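To start, the structure under review is shown below, and the notes come after it.
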């Protein structure tokens, strides 16, 4: 049974959305990306942009890993001098949005169908060519992924996604949940009772 | 005309001067008395201002040497070490020194020249993306784009370097910024909204920790380099004495606890090459109190079976170190000195006679030992002689390898900032320049570099620096014509296939003479005590080349994949 950080066979991989407020200075993004690379953390997506404060930018990144890994990701992000605040939005009630641009193979006779699907998803057709269209869609990750799957049978020529941005809803401010962490050093059994005296050590071979 | 250096608040109006002058003034404002470095085109404006400034400048012979000197100075004094290099190759040569300081959390600020801002990104002569190259190995780094930012950036650099978990900071100074005019404000304000180092520990956590310690039957204090950095050595000693708790230290924690004055509680170093009694104590303890230590893999052995019976209390200034590799039960984040003194108030003494009897039994059965028969000089014997003749009072710098481990095992450590060694990165060549930096910072102490032939060769040109600066550094080379530690691993795991570890060395004694130092060569066992005496009593920089047993191993050893209590003893048990 693996106990060491990051090598869990039974450790579950969670996806986490992290909202990081950073100083708007050159090199900050490189620092964050470099830290993820050197520590072997995963970046599923990363979006960075300005905020209402010109001195601060917001980085929204989606990362995945087991709970001890996520804890290290949060702490290592916090350690970077130019990051101001790290918030884990995963467990909170947030508005998440992903922007999709997708070019779908579309012969003239299919235009009606594709337009219908697009309308159902509240997307819009932003480009029409003789045998393809480009559709723009915003929504949650699940909605975007569902739409991509629906487009697949028609033939996807290319697609681009921004990745998720998110901000918490004003109504709730729950803290990020702390799920049970697998122990990283203990043997399979529970801790021995304190009354049990230490066994004499095996003489070294 | 730039206003003169002196009290920066002499005038009430902001003064106008060049970036280079503002830079020198800011350094004086920070109390910098000495800098280590090497010049070059891109940093010339600064060096011109330095020429008149009341700062001692130590010219090294390689920028890596300058970096290690600043590091050794910081470790020996507790002040922020300062080094300077030019752009391009000068700056990249600092990388290893920065990484060394980064891994051991040493407060250091490195200033590098850079090509003018208009030339950046253009593949200019001696241009390198220094902030890019050093970002992963510095606590913080900055490229100064505007001269008006300089005073703030310098102030921030020193603040970041010495607070929280200390670390190296790099400031990159384009040449045009050094030359540009700026108005220096009277009060320089820092702008670090994301940096709030934690000082005070959570009171509830401290009470919880005290509770566990008071109920412990077999506690152990596990003390790391953080105690030295925090200046918490006294508090830790009081905690150990008041609570009656044995103390083991990491390599970087050596000297944080007095192994002679408090010998009854001292377990010496733990870990891969630590003492048997320290490792057994940790594996059998019921409460492990970690202070300023980070559960490094050299210390824990196989993590899954590390301290299997212990409730672990972890006092550390860096929240990212808590439960990074080993889950702890009672974390306390904050400054070690403050937390331990608060903890002290709630600690009660318990006799724990059974635990101490057990520890004494282990101590008697498994002391550090080596086979002293035979005609060759044993490296451990040389270290014992150095320890005896310096009366445990010298500052010891080391390179990396077997000699480093034997120094840790056979010298008896008495005061913080005594052991100057590269632990985290394990940088060969650290010894001589670090000893030079330490001697600059502690001119009244004897400083001995215990080095290996492999490590010494990497930075030996710095002998010129030591001689030029009249620094009486004493160098002990434990010369076995091998990269000893690698050879040991080849013996144990690769069937003695000594691939690329044998070395043909120069005559180090003659080499030392050529540099203007005094060179000694000792090849006979009987000559060791006199050799050490001549080394210590000869004035000035002295290099003593001891020809030692070529294939000697460091024991005990916890090999890869083994638990801390599964040590190899090399047949001397």
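Exposure proxy check: B:406, B:489 ranked by fewest other beta carbons within 10 Å?
B:489, B:406
Test of understanding: ordering B:306, A:41 by Cβ neighbours within 10 Å, fewest first, what list do you get?
Final ranking by Cβ density, sparse to dense: A:41, B:306.
What is the distance in Å between the Cα centres of the stretch B:280-314 and the stretch B:385-426?
24
How high is the relative contact order of the stretch B:379-547? Use alpha-carbon pairs under 8 Å, at least six apart in sequence, and give a whole percent.
22
So what are the radius of gyration and Dmax for the Cα set of the protein assembly as shown, in Å?
Radius of gyration, then largest Cα-Cα span, for the protein assembly as shown: 29.4, 101 Å.
Averaged over its residues, how many other protein chain Cβ atoms are within 10 Å of peptide A:71-80's Cβ atoms?
Other-chain Cβ atoms within 10 Å of each residue's Cβ, averaged: 4.
Distance between the C-alpha centers of the stretch B:189-264 and the stretch B:41-70? Whole Å please.
Result: 37 Å between the Cα centres.
In what order do B:202, B:268 fall by count of nearby beta-carbon atoms within 10 Å, going from fewest to most? Walk me through the numbers before you get to the answer.
Numbers: B:202 14, B:268 23.
Starting with the residue having the fewest Cβ neighbours, the order is B:202, B:268.
If we sort B:432-445, A:114-127 on the protection proxy, mean other Cβ atoms within 10 Å, highest first, what's the order?
B:432-445, A:114-127
Assuming a ≥ b ≥ c are the square roots of the Cα gyration tensor eigenvalues, decide whether chain B counts as rounded (a/c under 1.5), prolate (otherwise, with a/b larger than b/c) or oblate.
Cα axes put chain B in the oblate bin.
Which value, in nm² and rounded to one decimal, describes the direction-averaged projected area of the C-alpha convex hull of the stretch B:15-184?
8.4
Can you work out the PRE-style zone for residue B:481? Point 7 Å along Cα to Cβ, and I want the residues of the stretch B:357-381 with backbone N under 18 Å.
Counting only backbone N, you get B:375-379.
Quick one: Cα centre-to-centre distance for the stretch B:110-137 and the stretch A:64-114, in angstrom?
The stretch B:110-137 and the stretch A:64-114 have Cα centres spaced 33 Å from each other.
Give me the inter-chain shielding for A:20-27: mean count of other chain Cβ atoms within 10 Å, whole number please.
3
What are the equivalent ellipsoid semi-axes of the stretch A:94-165, built from the alpha-carbon gyration tensor (square roots of five times its eigenvalues), in whole angstrom, biggest first?
Values: eigenvalues 90, 26, 20 Å².
Calculated on Cα positions only, the semi-axes equal 21, 11, 10 Å.
Taking every DSSP beta bridge with both residues inside chain B, roughly what % is antiparallel (nearest 5)?
Taking every DSSP beta bridge with both residues in chain B, the antiparallel ones total about 10 percent.
For Cα pairs less than 8 Å apart in space and 6+ apart in sequence, what is the mean separation divided by the residue count of chain B, i.e. the relative contact order in percent?
14
Rg and Dmax of the stretch B:30-91, Cα atoms, in Å?
Over the stretch B:30-91's Cα set, Rg and Dmax evaluate to 11.3, 32 Å.
Calculate the mean, over all residues of peptide B:122-135, of how many other protein chain Cβ atoms lie within 10 angstrom of the residue's Cβ.
Mean shielding count: 1.
Would you mind checking the radius of gyration and Dmax of the stretch A:14-92 based on alpha-carbon positions, in Å?
11.7, 35
Calculate how steeply helix B:379-389 sits against the longest principal axis of the alpha-carbon atoms of chain B, using the helix alpha-carbon long axis, and give the answer as 0 to 90 degrees to the nearest 10.
Between the helix axis and the principal axis of chain B, the angle is about 70 degrees.
Kindly give the semi-axes, whole Å and largest first, of the ellipsoid equivalent to the stretch B:203-365, taking each as the square root of 5 times a Cα gyration tensor eigenvalue. Don't skip to the answer; put the middle values down first.
Values: eigenvalues 81, 64, 48 Å².
They are 20, 18, 16 Å, listed from largest to smallest.
How much length would be gained if the chain were fully extended between residue B:214 and residue B:498, taking 0.36 nm per residue of separation minus their Cα-Cα distance, in nm to one decimal?
97.1 nm
Name the residues of the stretch A:107-127 whose amide N is less than 16 Å from a point 7 angstrom out from the Cα of residue A:149 along the C-beta direction?
Inside the label zone: A:121.
222 nm [θ] for the protein assembly as shown, helices only, -39500 (n - 2.57) per DSSP H run of 4+, per residue, to 500? Mind showing how you got there, number by number?
Values: 27 runs with 253 residues, N = 778.
Result for the protein assembly as shown, helices only: -9500 deg cm²/dmol.
No lab work stands behind these numbers, since they all come straight from the coordinates. All of these numbers come straight from a predicted model, not from anything done at the bench. Backbone-built Cβ (ideal geometry, glycine too); neighbour counts: all protein chains shown.
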